[in-house]
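Worksheet: one structure, shown below.
The values are calculated or read from the model by the stated rules, or taken from the named source; none is laboratory data. Computed from a predicted model, the values in this text were never measured in an experiment. Here Cβ is always computed from backbone atoms with ideal geometry, including for glycine, and neighbour counts include all displayed protein chains. The area values use the complete protein model at the heavy-atom level, side chains included, leaving out ligands, DNA and RNA. Shrake-Rupley method; radii C 1.70, N 1.55, O 1.52, S 1.80 Å.
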Amino acid sequence: LLIGSLPLGLPNAGKSAVLNALGGRALVGVSRAAGRTRRFQTHLVGGGAVRLCDCPGLVFPSCAPPALQVLAGAVLLAQLPEPFSAVGFLAARLPLPELLGLGPPPGGAWTAWSICE
């Protein structure tokens with residue numbers, strides 16, 4: 001989706017789906033997984049009165065920990081080597097066992113593994 005001259009959106013944020021909705025038909029391919037849009041695309045609609053542009057998502061380098069990037073939606077959970085760091089990141093900041101209605105921890109203390117289990 002291009003507003004003015006600024007491409008907006010992280011990968012898999014719905015830019016192509018919005019373009020298709022605005023165009024009233026399938027102008028570009030969409031996918032549930034990121035990476036479907038591989039190049040800049042321009043489509044004229046309304047007799048050429050409106051130009052819709054689609055581009056791949058932009059990801060800027062981040063110094064945030066990978067677990068936080070997953071929780072922010074900037075990185076897919078599947079891209080983490082293991083999901084427990086994201087759960088541990090949350091558990092260190094929120095009372096996850098209470099929020100999830102979990103009973104006493106097995107073995108005396110909650111871990112990311114035992115919360116997931």
Between residues in the range 11-27 that are closer than 26 Å to residue 77 by Cβ and residues that are among the polar types (S, T, N, Q), which pairs lie under 7 Å by C-beta distance while being six or more apart or on different chains?
-> 16/37
Residues that are over 21 Å from residue 82 (Cα atoms) and open to solvent by less than 60 Å² (accessible area, probe 1.4 Å), drawn from the range 95-117 = 103, 105
Residue match in the range 12-34 (condition: closer than 29 Å to residue 112 by Cβ and either touching a strand residue (DSSP E or B) at 6+ places or on another chain (Cβ under 6 Å) or part of a helix (DSSP H, G or I) (or both)) = no
Can residue 59 be described as open to solvent by 70 Å² or more (accessible area, probe 1.4 Å) and either modelled with pLDDT under 80 or over 12 Å from the mean Cα position of the chain (by Cα) (or both)?
-> yes
Residue list for the range 29-42, restricted to those being among the basic types (Lys, Arg) and either at pLDDT 80 or above or surrounded by fewer than 11 Cβ atoms within 10 Å (Cβ to Cβ) (or both) = 32, 38, 39
Report, by residue number, each residue of the range 73-94 that is in a helix (DSSP H, G or I) and open to solvent by 70 Å² or more (accessible area, probe 1.4 Å).
-> 77, 78, 79
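Taking the criterion of being free of Cβ contacts under 8 Å to residues at least 60 places away in the same chain, part of a loop (DSSP other than H, G, I, E, B) and surrounded by 13 or more Cβ atoms within 10 Å (Cβ to Cβ), would at least one residue in the range 43-55 satisfy it?
Within the range 43-55, one or more residues are free of Cβ contacts under 8 Å to residues at least 60 places away in the same chain, part of a loop (DSSP other than H, G, I, E, B) and surrounded by 13 or more Cβ atoms within 10 Å (Cβ to Cβ).
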